[in-house]
Structure formats: structure tokens, C-alpha cells
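Student: Please find one structure pasted underneath; my questions will follow.
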């Protein structure tokens, strides 16, 4: 399983991940521009927009770190741990704010759905620790992160582009 600790062997995959992240960011941007008023007025859609952009930014950042030429596994591991700690701090704060703005009846199901995104960030931590220690599977931990973030962002982009159009938030200006 030596390949799991050699970032240079993963170059093609992470080039594709970077391209996918940039492409999906465009799709999210289209959804935002089409339905900006509904998204801003609806806590769940606003959270989905943030989540999609954060997940895609994380994927792009991870890809950039992996693609740095001749970087050793330990340096990459440290970068991944630092990234995951920073992102986890930001998303937990944002998730808490969203939960407070949601109706009480929606909070439990919203918390459950967040486990996916949060677990993808935890996987980055595991990849980083694995690279630093030379154990635990190293870069293999980034595979669930890639899959979760791509599916998560695609779903949220779809929701922003299509589902948000069906929502007519109540406004005080009527």
C-alpha cells in the first residue's frame, strides 16, 4: 500500500478533481444568479449555497496541495491537517448559525444531513495524519472526501438552480 503515501502518483486524479470543482463552482454560480432573492431569503438555501462553495473550495485546495511538485508526504500531511482544522472550525460556526435560523421542526433532520459534509472534513484530517505518520492509509482517506464533496456540491447546486425556483418566500414588502 506504498502508493497511498506517494502524492506524485495521484497527480491525474487530483487534476480531474480540480477541474470538477471549478466546473461545479460555475453551476453553483448559475443557480445563485438565477435565484439569488430566494436563496438569500431562505436559511436552508443560503446554507446550501455556502456548503457547496465551501466543499468545492476545499476540493480545489486539497488538489492544489497534492499537485505541488516534489512536495514530501509529511509537508502535505501537515497542510491537510491545518486545512481540515480551519475548515471544520468555520463550518461548525456556520452550521450553528443556520440551525438557529431554521424552524425548530427542521433542525434534527438538518443536523443529520450535515454529518456527511463534516465526515468529509474529518477524512482530510485522517489523510493528513496518515501522511505524517506513514500509517492509516494516507491519501486513500481523501477518496471519501472527493466523493462526498462532489455529490454534496452537485446536489446543492441542483437545489439552488431548480428547487429554489419553486420556493416563494414570504416577504414583508407585500
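Student: Taking the Cα atoms only, what angle lies between the long axis of helix 11-34 and the longest principal axis of the chain, rounded to 10 degrees?
Tutor: Approximately 10 degrees, to the nearest ten.
Student: For segment 38-63 and segment 112-149, what is the separation of their Cα centres, given in Å?
Tutor: If you average the Cα positions of each part, the centres end up 19 Å apart.
Student: Starting from the Cα-Cα distance between residue 88 and residue 105, subtract it from 0.36 nm times their residue separation and give me the gain in nm to one decimal.
Tutor: Between residue 88 and residue 105, full extension yields an extra 3.6 nm.
Student: Please tell me the relative contact order of the chain in percent, rounded to the nearest whole number, where contacts are Cα pairs under 8 Å and at least six residues apart.
Tutor: Result for the chain is 37 percent.
Student: Let me ask something else. Highest first, please rank the peptides 47-53, 150-156 by the mean number of other Cβ atoms sitting within 10 Å of their residues.
Tutor: So the peptides 47-53, 150-156, ranked by packing, come out 47-53, 150-156.
Student: Going by C-beta contacts inside 10 Å, put 1, 126 in order with the fewest on the left.
Tutor: Details: 1 8, 126 20.
Ascending Cβ contact count within 10 Å gives the list 1, 126.
Student: For the chain, find the longest principal axis of its Cα atoms and tell me its angle to the long axis of helix 43-67, 0 to 90°, nearest 10.
Tutor: Helix 43-67 sits roughly 20 degrees off the main axis of the chain.
Student: Quote to one decimal, in nm, the extra length available between residue 29 and residue 41 on full extension: 0.36 nm per residue of separation minus the C-alpha distance between them.
Tutor: 2.6 nm
Student: Between helix 142-158 and the chain, what is the angle of the helix's C-alpha long axis to the longest principal axis, kept within 0 to 90° and rounded to the nearest 10?
Tutor: Helix 142-158 sits roughly 20 degrees off the main axis of the chain.
Student: Restricting to Cα atoms and excluding each atom paired with itself, what does the Kirkwood estimate give for segment 2-166 in Å?
Tutor: Numbers: mean 1/r = 0.0612 Å⁻¹.
Hydrodynamic radius (Kirkwood, Cα only) of segment 2-166 equals 16.3 Å.
Rule-based calculations on the coordinates, nothing more; no lab input. Note that the coordinates shown come from a computational prediction; the quantities given were computed from them, not determined experimentally. Don't worry about glycine lacking a Cβ; one is built from the backbone with ideal geometry, like all the others, and counts go over all protein chains shown.
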